[in-house]
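Below is one structure; the comments refer to it alone.
Derivation of every value follows stated rules applied to the coordinates shown; laboratory data play no part. Given the structure is predicted, the values throughout are model-derived calculations rather than measurements. A quick note on method: Cβ atoms are made from the backbone with ideal geometry, for glycine too, and the neighbour counts reach across all protein chains shown.
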Amino acid sequence: MQQFIGYDDGLSCPIVPSQGRSISLALAQSSTSYYNSFMDNKPSEKHQSKHRIGNTFRNSWGRKDSEHKSAKKSTSLAGMVEFVGLIKVNVVKGTHLAIRDVMTSDPYVILSLGHQSVKTRVIKSNLNPVWNESLMLSIPENIPPLKVLVYDKDTFSTDDFMGEAGIDIQPLVIAAKAYEKLNINESMQLGKFVASKDNTLVRDGIISLDEGKIKQEISLRLQNIERGELELELECVPLTQ
């Protein structure tokens, strides 16, 4: 895994000593831009795009076939993306969501990371839905923000936009990578994103070590919409586990 640099020093968390040496991990406080909208004011109508990983091709017996395979291989490998881990997102609940139908909405949540998208089930006629639904995404080596979009499901027309948000998951990934080889059973707080009027956090986002798992709780005010909040729980799982 590549080391990620360029964070502010606003949040520094000590790591438990390993093999006689102290390791320090800097978990930066996210800048406002990571918690603001990551898309245009108008939502994209393309909700999902499937990520494809190129396949390698074996050499064939014939020269022409071999050249053809080689060309395919080059094209395929050029689009290959390496992953550094998995992120498990528990979409907990929404609060005071926007009305898009007659006095109510039928909300669902889309999560997007790079070229991957997953979504929750639709909850009918509820402005305070409780999904408590876990979704899994692969984390690309060049870690993009996690995009969160909320929509109202419509049967006979295009689904209505109900807000969006963006989450910087790099500090969570850094913490998970740093702690993955340290056998620590106790629970501890590793860092936090501080809620302020300059970002979309409803309250401080805590990054913690809990039973050997690196987790983060996030409560967000949805952007580009008149109202609405969303609560998520994130867990990062390095591929080496």
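Note on the stretch 80-185: Cα-Cα pairs beyond 21 Å make up 44% of the total pair count.
Distant-in-sequence amide contacts of V84, defined by a placed amide H-H separation under 5 Å and a gap of 5 or more residues or a different chain, comprise I139, E141. Amide hydrogen proximity for I169: with H placed 1.01 Å from N in the peptide plane, the residues at 5 or more positions away or on another chain lying under 5 Å are L146. The HN-Hα couplings worked out from phi for the stretch 90-106 by the Karplus form 6.51 cos²θ - 1.76 cosθ + 1.60 (θ = phi - 60°) are 9, 7, 7, 6, x, 9, 6, 6, 5, 7, 10, 10, 6, 6, 7, 8, 10 Hz, whole numbers, x standing for Gly and Pro.
Across the cross-link table entries K119/K213; K93/K147; K177/K213; K119/K177, which are compared at the Cα atoms, the separations over 22 Å belong to K119/K213; K119/K177.
Other residues lying with their Cβ under 13 Å from the Cβ of L201 contribute a combined charge of -2, Lys and Arg counting +1, Asp and Glu -1. Across the stretch 137-153, computed HN-Hα scalar couplings (Karplus, 6.51 cos²θ - 1.76 cosθ + 1.60, θ = phi - 60°) run 9, 7, 9, x, 4, 8, 6, x, x, 7, 9, 10, 10, 10, 10, 9, 6 Hz from first to last residue, x flagging Gly and Pro. Couplings for the stretch 162-168, taken from phi via the Karplus curve 6.51 cos²θ - 1.76 cosθ + 1.60 with θ = phi - 60°, read 10, x, 8, 7, x, 10, 7 Hz in order; Gly and Pro are left as x. Fully extending the segment from H115 to E133 would add 4.4 nm, taking 0.36 nm per residue of separation and subtracting the current Cα-Cα distance. Taking a point 7 angstrom from the Cα of D204 along the C-beta vector, which residues in the stretch 169-195 have backbone N less than 19 Å away? Of the residues in the stretch 169-195, 171-172, 175, 187-195 have backbone N under 19 Å from the label point off D204. Here the translational diffusion coefficient of the stretch 125-241 follows from Stokes-Einstein with Rh set to the Kirkwood radius across Cα pairs; for 25 °C and 0.890 mPa s it amounts to 154 µm²/s.
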